[in-house]
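Here is the structure we will look at, set down as structure tokens.
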Amino acid sequence: MARKAGLLGPARQATLLETIVVIVALSIAGVGLIYPSPQPPTPVKLIGAPTGDVLQVPSLKVQAPLVSVKMSKDAQLDPPRNPRQVGYWSGSSAPGALTGQTLVTGHTVHTGGGALDKLGTVKVGQPVVIFRKYSGQVQRTKYRITSVKTYSKKQIATQAPTLFGQDRGKGRLLLITCTGWDGQEYHGNTLVTAKRLGTEVAALRA
Amino acid sequence: MTALRGGMCATAAALTIGLGVLAASPALAADEVGHGQASALNVGIAGMSNSVSGQYAASNDGAKQTESGSKNPALRVLGSQSLISQGTLAQDATTSVAGRVVSSAACAGLSGEGATLAAVGSSDSCFASTDTVSLNSGALDTFKNFDPFTGIIANGQLTDTFVNAFPAALRDAIRGASAQISNTLVAALQQVLDAIGNPSLIVGADAIEGQCTATRGATTADANLVDAGLTLDFGANSPVDPITVALPVDPKPNQKVVTDLSALTTAITDGLTTSLTNQSGPLAQLLGPLGVALGNLADTLNPIIGQISDQLGPIEDNILDITLNKQTKTGDSQIHETALDAQVLPAAAAATGSSLASIQVGDVDCLGGTFTPAVNPPGDGGNGGNGGSNVPTSVDAGLAGDPTIPTGVMVALGALFLVAAGGVGVRQVKLHHGKD
């Protein structure tokens, strides 16, 4: 027995619901405009001068603002709260330094939107660049990825002096984020090591 | 032997970034902060002006090291000289950067054939030494400009010093033959010197090398001379035997080599005495007709011979000036080291502007210093000394969700999801019912 068709009929009702979805989605976009959030780390071509320090991982299409972060008293290092930003540990060598190691950390966000969500997918040999802007000058330091490793939280804790000690490294770059999401928490870290290739400095055009 | 200690080589700061908004010109000057310079062998011998082995240099501006020159100059670079025919010249230098400090090291010298260069700044020796090497200057015109007749002959004429050595009755006659007597004295001296011959300076060693290091506020320098000796060889027919000086292995800084050249001065004095007092010699033949009693000639000329002998003293002092482990410091961060510095008749420098012959072996210069980074990194933890005792042991860099998305949005998203899911369910139900 054929069922009675509704006022709009089944196909028509489905179309209406999909239309509602689109409208709600547009509303969310509107909310986004009312409550602006930082721009996502979409691939932004460097057309203008960096307005601050920037970490660039071309293979991930990441270009994230780089800020200084401090280690807590209990030796924990947290990235900037804004997951689109990355932070370098203020106790490590400054980005572009000739000695020591520059430790940069950024968030992995399970639902997406973290600066270093895809850090574990980079390959050895790929470039990483850090731009630093100063008064009238910009410094660009190039690095080349030399290793991509995963550590458990325990391994990080026990190997921290070796991994993050500043008496080594010749200015190399360490990128670290979380990995091993089990639905509730992260159980490890992805650590990428990159060799410092050199620094270029140029004057900003007035 | 160890490998050359590598220096920290940063990429040049004076490059440009290929961004449209950046000026194309380099922004930073590349002033030298530190350097190591090494020259195995420098020679300056009459007739072969300033022939050198060349120099190897490493310079560092704090951002990168630049090198120039050859580490192992071939002997042919010395041209047609015969100073050294076989052996190994080696010179090496490096710089390194730690923090904002540039340090340097240099090593240079010569060794036997087949010797190879060892580490710079890290070992006792520049060389893995092998055979003995010898430098032979060839005959040096040592006695050029040599004049022991000061006070006796002036402007080709005898002075009162000479004339007054004779009885008063003869002085006028001697003055009358002044030019002839003067020429005779000079000729006699030349005859003596010709007999002695011009010496060759021969340096022999298994190795002679100089090393230095420098960093901010500290320098080191040293010289090694392995089985090294120095000889003045007047030739097989000379009445003067070769004068040999053994050189110490580990000389103190600026150690002078005392050379006993008394045999040379004695030979000159004896030769002159014999020539001038010989009753059948040219001077006697000249003085005899003037009434000089030739039997007393030796006694008469003794004061003159004595005066000439006194004036040979400078030969001992000046004919050969050898300094080992010669060090010159400039400030507290630069040092110049020469393992062997030999000057032959340096007194000639006053007349000629340079010594008759000079040889420098193992000549190095090291400079250290500090630099200001091209761009002073803000927020530099400067934790270079943190060897790991105070480093993060936990990096909490994972989030379940994006905290920057407002809660209201999340609620709306959740609602949207539910609505969308419900819509799909309704549609599926309708479609299902439609099939019935």
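The values are calculated or read from the model by the stated rules, or taken from the named source; none is laboratory data. The structure displayed is predicted, hence computed values, not measured ones. Because the Cβ atoms are built from the backbone with ideal geometry, glycine has one as well, and the counts that use them run over all protein chains shown. Protein only, heavy atoms only, side chains kept; ligands, DNA and RNA dropped before computing areas. Shrake-Rupley method; radii C 1.70, N 1.55, O 1.52, S 1.80 Å.
Hey, any idea what the orientation-averaged projected area of the convex hull of the range B:217-318's Cα atoms comes to, in nm²?
Result: a mean projected hull area of 9.9 nm².
P(r) for the range B:168-224, please, calculated from all Cα pair distances in 10 Å bins and given in %.
Spelled out bin by bin, the range B:168-224 gives 16, 18, 15, 13, 13, 13, 10, 2 percent.
Determine, for each peptide in B:280-287, B:363-370, the mean count of other beta carbons within 10 angstrom over its residues, then list the peptides with the highest first.
Top of the packing list down: B:363-370, B:280-287.
Find the accessible area per residue for the range A:91-206; the probe is 1.4 Å, ligands and nucleic acids are left out, and the unit is Å².
Heavy-atom accessible area per residue stands at 38 Å².
Mind giving me the nanometre distance, one decimal, between the label points for residue B:296 and residue B:147, set 7 Å out from Cα along Cα→Cβ?
Inter-label distance under the simple model: 3.2 nm.
Considering only Cα-Cα distances, which of the following residue pairs are longer than 32 Å: B:64/B:252; A:154/A:195; A:195/B:326; A:118/B:64?
Exceeds cut-off: B:64/B:252; A:195/B:326; A:118/B:64.
So if I restrict to the alpha-carbon atoms in the range A:55-140, what is the Rg, and what is Dmax, the biggest pairwise distance, in Å?
Rg then Dmax for the range A:55-140, in Å: 13.2, 39.
At 0.36 nm per residue, minus the direct Cα-Cα distance, what do residue B:270 and residue B:172 gain on full extension? Give it in nm, one decimal, please.
Between residue B:270 and residue B:172, full extension yields 32.4 nm more.
Note the full-extension length gain between residue B:263 and residue B:237 as 0.36 nm times their separation in residues minus their Cα-Cα distance, in nm to one decimal.
Full-extension gain reported as 7.9 nm.
I'd like the projected area of the range A:54-203, averaged over all directions, using the convex hull of its alpha carbons. Report it in nm² with one decimal.
8.7 nm²
Between residue B:310 and residue A:170, take the C-beta separation as r, use R0 = 51 Å, and let me know the FRET efficiency to the nearest 0.05.
Efficiency, from the Cβ-Cβ distance: 0.15.
Once you average over the residues of A:184-190, how many Cβ atoms of partner chains fall within 10 Å of each Cβ?
3
Residues of the range A:101-122 losing 30 Å² or more of accessible area relative to the isolated chain, 1.4 Å probe, heavy atoms only?
At a threshold of 30 Å² (probe 1.4 Å), the residues of the range A:101-122 that become less exposed are A:107, A:109.
For the pair A and B, how large is the buried accessible area, both sides, in square angstrom to the nearest 100, if the probe is 1.4 Å?
Approximately 5800 Å² gets buried when A meets B.
Would you check the accessible area of residue B:336, probe 1.4 Å, heavy atoms only, in square angstrom rounded to 10?
Counting only protein heavy atoms, the figure is 60 Å².
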